[in-house]
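Student: First the structure, then my questions, so here it is.
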Amino acid sequence: MFQRLFERYERFLRIDRHAQTDAIVRARSVYVFGWTFILIQIANLISMSLSFGEWTDYHAISVGASLFTFSLVHSIRYHRNFFVITALLFAMILGGVVSTATATGTGINTSLLAFFVLAPLIGGSISGWRMAVAGCVLSIVTIWFLYGISTNAPGDTFTIRQLDFVERAWQATYAIVMATVLGCVFGATIFAAFRELKETARQAQAAAEAKAAFLANMSHEIRTPLNGVLGMAQLLSEKAVDDQSVEYLKVINDSGQTLLAVVNDVLDLSKIDAGKMEIAPTAADLGHAVRRVAKLYEPKADEKGLDLIVDLPADMPTAYSFDPVRVRQCVSNLVSNALKFTDAGSVMIKVRPAPQDGAGAPAGDTASSHKTRVAITVADTGIGMDEAQQANLFGDFHQADSSTSRKYGGTGLGLAISRKLARLMGGDLTVVSAPGEGSVFTLTFEATAVKREGARTPRSDRGEAASGSLAGLRVLLVDDNTVNRMVAKSFLSAQKVAVVEAEHGEQALQMLDAGPPFDAVLLDIHMPVMDGPTTIKCIRERASAYQDVPVLALTADVVEGGKEKYVDMGMDGYVSKPVVAADLMREIAAITTAKAAVAA
């Protein structure tokens, strides 16, 4: 309870718990000291009321100091100038003691003398050793000022009492010097630690950026040759004339896809850990997304003699706003694992509204917007797991046991990524399992129910419908890699698309200037002479006939962002490498159709 109260109070003061450590410590020092001082003054007011029985100047000074401190503490809600705050605290403490001592004529004999040691301690903890020294100087000057008041009091002579004043002043000075030493040591130590933390954070940030750059380069370097391997395998599979050649090509394609899956897993995990993975909800049909995953794995299920079942209630609305790409990725990981670890029986994909607090799921498709939770359960009749194996299941690079990777393969990243994605989507991924009894994985995520007419037809269906109309198009293919151009040109030529090749952006601009006009440009991102981002900028900024030509990015760099990144550059879409022929045709059809619609 107290922790929640502190958290709410710090949110009110606008203290960012994730900000730099020194700012948090300084802000907390201010309000902890301030409230401690206020509580002391409240106790002092009660004590004075019991002693004097009436309102006195002491009461007024104590109330004034409390109100001033209260205002000063809450000023950190609007600014973070801790040197100013420290100086004002000095003024409040020293000024309060002086006003009390002068009003009553007690001088150095004031009972509030102990407050002087607070000035250097406050200075050291909030603003460092320099403010501790400043507090020391001000406190010592003020003490001897009060000593002067005591010695000049009417009727006093140089007596034993005055000697007591001198001794009291020196004792206070010694105490302040000791407090200053403590304040300086504390301030120097803690702020040195803060500097080390900042340097460590800077180095960690630099390491993260270097890691991101390395992953981007590795992604490009790995995907580029993979594009050639898988692309040529696709082309040869269409021309294979005997079963043995078909089998060889299938092995090449499967091996390449396995390597690509490993690369994608590592990149996805890096993006999530770096906080760069974004969830992009869009109106789509959840039932279609789940059935699409099941259809993808039907051949594998048939090969092992397993039943792959989709259980989707007829009365459950499936029109939601969610991230279909990430949901399919999670479900695909779960189904792939279920099939991998099941030798007999079945794998069932079940979709249901997830239990939730408050209002339940919408009753039908009439709701225009309703936040709900969806549960997708993947149950298998496979080998199952014990509790110890389940405990490590969702860790990075972990599998059920050390023999799993040897027997079944895989990196052990799929479930870790799926759980992190589920939590990014406002849900979770859990498992219930027992050895020999199979496993039940439950994926939950937040979605917004929408009207069925608002759910868009999946892009793949639209692309497949439109991809048959590419014959006769004239396309400029810009890529510095000969193999990449060969693969893309072969795909396009099979669709009777006329292809003109360029090796870099500068050459592409020359061809665009020379004419005749192109229906689309396929533009690689990383190229010598002139790269993709510079080329698209030149295309969009030139006052020319080809300024609005549809441009599709061909990229092997999929680490930093997705479609939005390339749209911001000026692209109309993108296809990642290794290029899949169907994806390429679909995207070209989409951008050229959209261009024609705008022109009309």
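The values are calculated or read from the model by the stated rules, or taken from the named source; none is laboratory data. These figures come from a predicted structure and were not determined experimentally. Because the Cβ atoms are built from the backbone with ideal geometry, glycine has one as well, and the counts that use them run over all protein chains shown. For the accessible areas, the whole protein counts, side chains as well, though only heavy atoms, and no ligand, DNA or RNA atoms are used. Shrake-Rupley method; radii C 1.70, N 1.55, O 1.52, S 1.80 Å.
Student: If each of LEU50 and VAL325 carries a label point 7 Å out from its Cα toward its Cβ, how far apart are those two points in nm?
Tutor: 7.0
Student: Keeping every protein chain in place, order TRP144, TRP170 by accessible area at 1.4 Å, biggest value first, i.e. largest first. It would help to have the intermediate numbers written out before the result.
Tutor: On the way: TRP144 75, TRP170 115 Å².
Result, largest first: TRP170, TRP144.
Student: Determine, from the Cβ-Cβ distance of TRP35 and VAL177 and an R0 of 35 Å, the FRET efficiency 1/(1 + (r/R0)^6), rounded to the nearest 0.05.
Tutor: For TRP35 and VAL177, the calculated efficiency is 0.80.
Student: With θ taken as phi - 60° and the coefficients 6.51, -1.76 and 1.60, list the Karplus ³J(HN,Hα) couplings across segment 117-133 in order, rounded to whole Hz; mark glycine and proline as x.
Tutor: Karplus values, whole Hz, x for Gly and Pro: 6, 6, 4, x, 5, 5, x, x, 6, 9, 10, x, 5, 5, 6, 5, 5.
Student: Using amide H atoms built 1.01 Å from N in the peptide plane, name the residues 5+ places from VAL310, or on other chains, whose amide H lies under 5 Å from its own.
Tutor: Hits under the 5 Å cutoff: ILE349.
Student: Let me ask you something else. Run the simple label-point estimate for VAL246 and ALA498 please: 7 Å along Cα→C-beta, distance reported in nm.
Tutor: For the pair VAL246/ALA498, the computed spacing is 3.7 nm.
Student: Where Rh is the Kirkwood radius over the Cα pairs of segment 51-150, the temperature 10 °C and the viscosity 1.306 mPa s, what D in µm²/s does Stokes-Einstein return? It would help to have the intermediate numbers written out before the result.
Tutor: Values: Rh = 14.3 Å.
D = 111 µm²/s.
Student: Still on this structure, please answer the following. Using a 1.4 Å probe, how large is the accessible area of ASP302, given in Å² and rounded to the nearest 10?
Tutor: 110
Student: What's the ranking of 178-188, 510-520 by average number of surrounding C-beta atoms within 10 Å, highest first?
Tutor: 178-188, 510-520
Student: With r as the distance between the Cβ atoms of GLU541 and LYS451 and R0 = 41 Å, compute the FRET efficiency 1/(1 + (r/R0)^6) and round to 0.05.
Tutor: Computed FRET efficiency for LYS451 and GLU541 comes out at 0.50.
Student: A further question on this structure: Full extension from ALA91 to ALA314: what is 0.36 nm times the residue separation minus their Cα-Cα distance, to one decimal in nm?
Tutor: Details: separation 223, 0.36 × 223 = 80.28 nm, distance 7.40 nm.
Gain on extension, ALA91 to ALA314, equals 72.9 nm.
Student: Report the label-to-label distance for GLU506 and ARG8 in nanometres (one decimal), using points 7 Å from each Cα along the Cα→Cβ vector.
Tutor: A separation of 6.6 nm, rounded to one decimal place.
Student: Same structure, new question: Expressed in whole Å with the largest first, what are the equivalent ellipsoid semi-axes of segment 12-77 derived from the C-alpha gyration tensor as the square root of 5 times each eigenvalue?
Tutor: 32, 10, 7
Student: Here is a further query. Over 25 Å between Cα atoms, which of LYS211/LYS300; LYS496/LYS577; LYS295/LYS340; LYS371/LYS565; LYS496/LYS595 qualify? Walk me through the intermediate numbers first.
Tutor: Details: LYS211/LYS300 36 Å; LYS496/LYS577 22 Å; LYS295/LYS340 16 Å; LYS371/LYS565 28 Å; LYS496/LYS595 20 Å.
Too far apart for the 25 Å limit: LYS211/LYS300; LYS371/LYS565.
Student: Take the Cβ-Cβ distance between ASP164 and VAL63 as r, set R0 to 35 Å, and report the resulting FRET efficiency rounded to the nearest 0.05.
Tutor: 0.65
Student: Let me ask something additional. Report in % the part of the accessible area of segment 11-86 that belongs to carbon and sulfur, leaving out ligands and nucleic acids; probe 1.4 Å.
Tutor: 65
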